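Data block below; observations after.
The values are calculated or read from the model by the stated rules, or taken from the named source; none is laboratory data. Quantities reported herein were computed from a predicted structural model and do not represent experimental measurements. Cβ placement follows ideal geometry from the backbone for every residue including glycine, while neighbour counts extend to all protein chains displayed. We work out accessible area using only protein heavy atoms, side chains counted, and drop any ligands, DNA or RNA first. Shrake-Rupley method; radii C 1.70, N 1.55, O 1.52, S 1.80 Å.
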Amino acid sequence: MGRVRGVRTSLIAFICVLGLIVSAGASAQPSSVARSSNSVFVVGDTSSVEALDPYVATNFLDFQALGLIYDTLVHFNSNLQIVPDLATSWAFSDGNKVLTFQLRKGVTFDDGSAFTSANVVASLERAQNAKVADASASFIATLKKVVPVGQYAVKLELSRADTSILGALTSINLSMLSSQAITAGTLAKTPDGTGPFKFVSWTPNNSFVVEANPNYWGGKVTLPEVEIKTIPSEQSIASALQANTVQLGLMTEPQVADHLPGYNVQKVLDLSYRALMLQDKTGPLANVDNRLAMSCALDRQQVVTSALLGQGRVVGPVPLGPYANPVPAVCPTQSVTQAKAYLAKAGDPSGFSFTAITSTDLDATSSAQAIAVQSQLAKAGINMSITNLATNAYVQDWLKGKFQAAFAENGANPNPFVMYGRYFGPGANLGVPAGYSSGALQQLIVKSDETTTPAAATSAFAAVNHYLTANAVWLWLFDSYDYAALQKDVHGFTLPPDRQLRSLAFTTVS
């Protein structure tokens, strides 16, 4: 699960996909900036911020909100290339088993302390602490030791060659933290970063407010204050735009975004994907031929049409980037005949039954996805029941693997190892919701991470993709578009594929 949309997560997510801890507390800090309604730039979203500690965040809005406060060593630009952030440069050595970063000087945290190599050591050691439950801890599973090299350089000593760790360090779950805040244990209540904005207040299920950081290392921040406001529906966001009470509306529903004449609407293919995740260890889904039957029965393009009015793209396990792949290895298009043949091979010629969970609170498209898939599977004799869950119930069941199948939106990464190491690699920290474990798959994933040339990486990642789809580990469905609807007087904001809001730092309102 990487991400939670209201509409909107991996599922951290991603997502989380995409990760998945719902915080129970709230905190408010007095602002050092005199505020007025005219100075507040309001961002409308259907979901709400769920956690303030970036290391346990899994809701995608958490990533967006906390990404305004925290910096990482490196991050993705709008072309999904890795570029400097708090690290100014980096180099691999010793057969890709050592990664050395040169660090940016003159950076301070919101608590006034200076950013140095000591913060990198403290941050990454915290991420590896099992008690913290960092949602991306497996991203740095090969990290043996962080060695400071003076105040402004660090060496990451790795247990094996690991080129993917560079892309992993773009995650907000691996933000650079204040050593003082770590020691004080205040991160769950008071964010303390080096980013363009400083934390002001958080009202769960309502709003998240930040103000310009006057000491931001990246230059003068142009918006004095930003409020991310929870609004129940995208139709309501559209109404708020028309009433001029929202300056930026974050959307995923094309039927709303396409009907906003007079507004600047940006459209970008999202760095995430929808999938039907399967618990493959027991019951009929433990039989690979039953899973392949499901894969063959699917008409993925029809799912895109039903869920997104056709405004999306059918994908395999990797949606975007240099290793993207568009179709599964088995039944790239629907074949009910082949589906029935797989059912016969599985010993279930009359089909079988299972239950899939959805959450329209997290993804408004999940109901349409489920209904379309249910109809398609029925043509092959497979009966899928649908259970729609509220946000917290879905998240908790997902984390515990208490489902047979789950319609999920998972965070992605241009590097497939970063995407799937946490689900299927050795020591995968999301192995429970992933529902599938295979030594052969683990070997392929590790091999892909150890490659040293682009050609070798392409070949290795193709093998991982083939295994995932040839065994129908999950059923990958589609990638969708995200939309940013802006008032005409808003300038300088750009929505990238990872949906980060970093460009708000230099956005202006005329």
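Here are the numbers for this structure:
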{"read-out": "Filter result for Arg104 (in contact with a Pro (Cβ under 8 Å, 6 or more places away or on another chain) and open to solvent by 30 Å² or more (accessible area, probe 1.4 Å))", "value": "yes"}
{"read-out": "Among the candidates Lys402, Lys379, residue that is surrounded by fewer than 22 Cβ atoms within 10 Å (Cβ to Cβ) and in contact with a helix residue (DSSP H, G or I) (Cβ under 6 Å, 6 or more places away or on another chain)", "value": "Lys379"}
{"read-out": "Qualifying strands (runs of 3 or more DSSP E) (wholly inside region 68-167; at least 3 residues being touching a Leu at 6+ places or on another chain (Cβ under 8 Å) and not acidic (Asp, Glu))", "value": "87-93, 98-103, 143-148, 153-158"}
{"read-out": "Total residues in region 48-69, condition hydroxyl-bearing (Ser, Thr, Tyr), out of contact with any helix residue (DSSP H, G or I) (no Cβ under 6 Å at 6 or more places or on another chain) and within 18 Å of Val132 (Cα to Cα)", "value": "1"}
{"read-out": "Complete set of residues in region 241-277 that are among the small types (Gly, Ala, Ser) and either in contact with a Pro (Cβ under 8 Å, 6 or more places away or on another chain) or open to solvent by less than 10 Å² (accessible area, probe 1.4 Å) (or both)", "value": "Gly249, Ala257, Ser272, Ala275"}
{"read-out": "Set Asp489, Asp449: member being over 30 Å from Leu343 (Cβ atoms), of a type in the set (Asp, Glu) and surrounded by fewer than 23 Cβ atoms within 10 Å (Cβ to Cβ)", "value": "Asp489"}
{"read-out": "Qualifying strands (runs of 3 or more DSSP E) (wholly inside region 252-329; at least 2 residues being under 21 Å from Gly401 (Cβ atoms) and of a type in the set (A, V, I, L, M, F, W, C))", "value": "272-278"}
{"read-out": "Any hit, region 142-159, residues being surrounded by 16 or more Cβ atoms within 10 Å (Cβ to Cβ) and under 21 Å from the mean Cα position of the chain (by Cα)", "value": "no"}
{"read-out": "Qualifying residues in region 57-67 (those that are at pLDDT below 95 and part of a loop (DSSP other than H, G, I, E, B)) - the one surrounded by the fewest Cβ atoms within 10 Å (Cβ to Cβ)", "value": "Thr58"}
{"read-out": "Which listed residue, of Ser448, Ser503, Ser459, is modelled with pLDDT of 95 or more, of a type in the set (Ser, Thr, Tyr) and either in a helix (DSSP H, G or I) or within 27 Å of Val304 (Cβ to Cβ) (or both)", "value": "Ser503"}
{"read-out": "Within region 452-473, considering residues that are surrounded by fewer than 16 Cβ atoms within 10 Å (Cβ to Cβ) and hydroxyl-bearing (Ser, Thr, Tyr), the one farthest from Arg422 (Cα to Cα)", "value": "Thr453"}
{"read-out": "Verdict on Ser353 being surrounded by fewer than 18 Cβ atoms within 10 Å (Cβ to Cβ) and within 15 Å of Leu285 (Cβ to Cβ)", "value": "yes"}
{"read-out": "Any hit, region 206-217, residues being within 17 Å of Leu486 (Cα to Cα), assigned to a loop (DSSP other than H, G, I, E, B), hydrophobic (A, V, I, L, M, F, W, C) and open to solvent by 10 Å² or more (accessible area, probe 1.4 Å)", "value": "no"}
{"read-out": "Where Asp280 falls short, out of the listed (1) open to solvent by 30 Å² or more (accessible area, probe 1.4 Å); (2) over 28 Å from Ser48 (Cα atoms); (3) at pLDDT below 95", "value": "(1)"}
{"read-out": "Of all residues in region 283-323 being more than 23 Å from the chain's Cα centre (by Cα) and among the charged types (D, E, K, R), the one that is most open to solvent (accessible area, probe 1.4 Å)", "value": "Asp299"}
{"read-out": "Condition met for Leu271 (in contact with an Asp or Glu (Cβ under 7 Å, 6 or more places away or on another chain) and either within 30 Å of Gly316 (Cα to Cα) or aromatic (Phe, Trp, Tyr) (or both))", "value": "yes"}
